[in-house]
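**Q** Could you have a look at this structure, given as structure tokens, before my questions?
The values are calculated or read from the model by the stated rules, or taken from the named source; none is laboratory data. Since we're looking at a predicted model, the values are computed, not measured. Cβ: placed from backbone, ideal geometry, glycine included. Neighbour counts: every protein chain shown. These accessible areas exclude ligands, DNA and RNA; they are computed on the full protein's heavy atoms, side chains included. Shrake-Rupley method; radii C 1.70, N 1.55, O 1.52, S 1.80 Å.
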Amino acid sequence: MAPLPLGWKGGTFWVSRFVPIFHFFSLFKSFMDTQPVKGTRDFYPEDMRLRNWLFGIWRSTARTYGFEEFDACVLESEELYIRKAGDEITGQLYHFEDKGGRRLALRPELTPSLARMVMARQKALSFPIKWTSIPQCFRYERMTRGRKREHYQWNMDVVGQPLNAAEIELISALLTAIRAMGLDHSHVRLHLNDRRLLESILSSLNVPEDRRQGVLVVMDKRDKISPEHLESMLAEQGLTGVQLGHLNEFLGMTSLEQVKARLAQNGGTAQGVKELEDLMGLLGRMGLGTFLTFDITVVRGLSYYTGTVFELKDARGQLRTLAGGGRYDSLLAHLGGDPVPAVGFGFGDVVILELLEDLGLVPKLNPAMDFVVIPFSETEIHQGLEIAQALREQGLSVDMDASLRRLKKALQRAEETHAQRAVLLMPDELAKGEVVVRVMATREEQRVNLKKFLASPRD
Ligand code: HAM
């Protein structure tokens, strides 16, 4: 009888030819979760190429508009995000106590850090300042399409400019970036509103002033929860059935005229209307009118907004909001600084990539490489490394393929990495001081003197 094939084979412990006991690697599985943390993302090189492409558009747009880049640490004091109005973001914090007993949070957004930094140098800074950043943010969100627990968010903010010139530049920059991605007004719309107008509505409905922030934060959840749930949350904020009915009536209106007329009927004055009309008129004159929609339902979930509010949305209405922002004239004062007018937006990387994917507009991005050096055997590796180094010192990008795989396979790999040329190091040619240079696109090969080649590698 054949002996029992007991033992390790292929990473598995076998008790007979047919019965594996456990796979070696499963040993580790039971100890360690090797999945990324739920809601976070791994960026493989192809994902990174896309991310860099997107960030490149954001950065170059910001530069065109004269914004300067800044950053802060992803760790902040938890209290920076605790707001009385019941902002959803406060409940979504990744927070903990550090070894020194400090309550810290991973930033869910950049605006409070920006306000903190401006406040620290309020006397020294020369306003208005125009700052931009692409922070990584964390929110413990219920995961749905377009909402993850980690995202990057392009921010542009103007601090110290009370005039709507700030809003105009910001919205124009946002739409410039959108067009640089190959999108137009048939793909996305910019929905505009004004918190002052919403305040006027709440005031006309006799909602007490100290309740309004809370009501606005709840109103922002309108698209995310059932009407019944929304009504019960608004009732918790003290709204009566009659007030709710009137509020819903306002929220169903699609033009500024309608809102104005209804407010006048109630005997109220419509704040923010002139500002909205001016803003939309000016943006229209700049050729951006086709992107714009007045939208009374745009509230924004963050309680610090005080004036213009806007959201960039997918025109098909299928995806979550792409970008959002507005004027927040009292955030600095709220943190203890002198009051300074401010306005800005955040534009996340998740939903825009989903939209480009849906529309078939994700660009095909290849790694770019000038040369790949392929030694024939181990003997040529050292010389290959020297040649690669000499090329790199001329500013060229060079991959050294020291895998010693068959030439056919090495050339296949060179094609995959989109190398322009391959430098083949064959023993006979090298002995004569020559290399073979292959132009990858045409497959043309030329034997050239090594010194001459290194003197002008692109000839
Ligand atoms: P926000 O509306 O909370 O505003 O976020 C802005 C954008 O960040 C969203 O429109 C979305 O693209 C992206 N975003 C937010 N949360 C997530 C998530 N969980 N997953 C994926 N993407 C997400 C702010 O954060 C404000 N601080 C923006 C601002 C800057 N206002 C003035 N200056």
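**Q** Pick from Leu365, Leu411, Leu332: which is open to solvent by less than 70 Å² (accessible area, probe 1.4 Å) and within 16 Å of the ligand (Cβ to nearest atom)?
**A** Leu332
**Q** Let me ask you something else. Kindly indicate whether Glu69 is within 16 Å of the ligand (Cβ to nearest atom) and at pLDDT below 95.
**A** no
**Q** Condition (residue is within 16 Å of the ligand (Cβ to nearest atom) and either within 18 Å of Leu174 (Cα to Cα) or open to solvent by less than 50 Å² (accessible area, probe 1.4 Å) (or both)) applied to the range 369-383: is it met by at least one residue?
**A** no
**Q** Can you name the number of the only condition in (1) within 16 Å of the ligand (Cβ to nearest atom); (2) modelled with pLDDT of 95 or more that Gly146 fails?
**A** (2)
**Q** Identify, please: which residue in the range 39-80 is part of a helix (DSSP H, G or I) and among the β-branched types (Val, Ile, Thr) and is, among those, surrounded by the most Cβ atoms within 10 Å (Cβ to Cβ)?
**A** Thr61
**Q** Which residues, taken from the range 235-278, are within 14 Å of Leu205 (Cα to Cα) and under 32 Å from the mean Cα position of the chain (by Cα)?
**A** The answer is Leu251, and nothing else.
**Q** Please work out if Trp131 is within 12 Å of the ligand (Cβ to nearest atom) and either closer than 29 Å to Lys224 by Cβ or in contact with a Ser or Thr (Cβ under 7 Å, 6 or more places away or on another chain) (or both).
**A** no
**Q** If you go through the range 240-258 one residue at a time, how many are in contact with a Leu (Cβ under 7 Å, 6 or more places away or on another chain) and among the aliphatic types (A, V, I, L, M)?
**A** Total meeting the criteria: 3.
**Q** Take the residues of the range 351-362 that are β-branched (Val, Ile, Thr) and buried (at least 18 other Cβ atoms within 10 Å of the Cβ): which is nearest to the ligand (Cβ to nearest atom)?
**A** The selected residue is Val351.
Here is a yes/no grid of residues against (1) open to solvent by less than 30 Å² (accessible area, probe 1.4 Å); (2) within 22 Å of Pro45 (Cα to Cα):
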| position | (1), (2) |
| --- | --- |
| Arg392 | no, yes |
| Leu396 | yes, yes |
| Leu404 | no, no |
| Ala441 | no, no |
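**Q** Which one is farthest from Phe345 (Cα to Cα) among residues in the range 303-324 that are within 8 Å of the ligand (Cβ to nearest atom) and open to solvent by 30 Å² or more (accessible area, probe 1.4 Å)?
**A** Arg320
**Q** I've got another one for you. So, in the range 81-98, of the ones that are open to solvent by 30 Å² or more (accessible area, probe 1.4 Å) and modelled with pLDDT of 95 or more, which residue ends up nearest to Trp58 (Cα to Cα)?
**A** Tyr94
**Q** Same structure again: Consider the range 149-166. How many of its residues are in contact with a helix residue (DSSP H, G or I) (Cβ under 6 Å, 6 or more places away or on another chain) and more than 9 Å from the ligand (Cβ to nearest atom)?
**A** Counting residues in the range 149-166 that are in contact with a helix residue (DSSP H, G or I) (Cβ under 6 Å, 6 or more places away or on another chain) and more than 9 Å from the ligand (Cβ to nearest atom) gives 3.
**Q** Does Val273 satisfy being more than 16 Å from the ligand (Cβ to nearest atom), crowded, with 21+ Cβ neighbours inside 10 Å and among the hydrophobic types (A, V, I, L, M, F, W, C)?
**A** Taking the combined requirement at face value, the residue does not satisfy it.
**Q** Further, regarding this structure: Which of (1) free of Cβ contacts under 8 Å to residues at least 60 places away in the same chain; (2) within 12 Å of the ligand (Cβ to nearest atom); (3) closer than 14 Å to Val159 by Cβ does Arg107 not meet, given it meets every other one?
**A** For Arg107, the failing item is (3).
**Q** How about the range 434-459: which of its residues are within 21 Å of Asn366 (Cβ to Cβ) and either in a helix (DSSP H, G or I) or among the small types (Gly, Ala, Ser) (or both)?
**A** The answer is Ala441, and nothing else.
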